[in-house]
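Here is the structure we will look at, set down as structure tokens.
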Amino acid sequence: LPSYKSPLKVHKDIIDVKHRIEMIQCVIKNLGFGTIRYDELERKGDSYTYDTLKIVQEAHPSAKLYFVIGTDQYEQLAQWYKIDMLRSFVTFI
């Protein structure tokens, strides 16, 4: 779930979206499972993971959702928008 614009990051030296997608593809290959969603890139603007994954969860209510994130994001999860609600239906890896 590459974001278009993360509200918690300074956006002066961002990694090109093509490279971020390639990194996600590598993670999916190494894990042996996963899907890239382009919702936030297509929507543009600030990206809130809760909003996007709530839509996914509502569309697939019986699915288990796993969200792979980097250490940088894991360390600031407490600052994420609606993090307690997000944790109720998503497992972070």
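Every number in this text was worked out from the coordinates using simple rules, so none of it is lab data. Here the structure is a predicted model, which is why all the values come from computation and not from measurement. Cβ: placed from backbone, ideal geometry, glycine included. Neighbour counts: every protein chain shown.
Numbers below:
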| item | result |
| --- | --- |
| Total lysine pairs whose alpha carbons fall under 18 Å of each other in the chain (8 or more apart, or interchain) | 11 |
| Descending principal axes extents, the chain, alpha-carbon based, whole Å | 38, 29, 26 |
| Label-point gap, in nm, between residue 55 and residue 38 - each point 7 angstrom along Cα→Cβ | 1.4 |
| Cα lying deepest toward the dipole's positive end in segment 18-93, options 49, 61, 30, charges on Cβ | 30 |
| Sequence-distant residues sharing a close amide H with residue 65 (under 5 Å, placed H) | 91 |
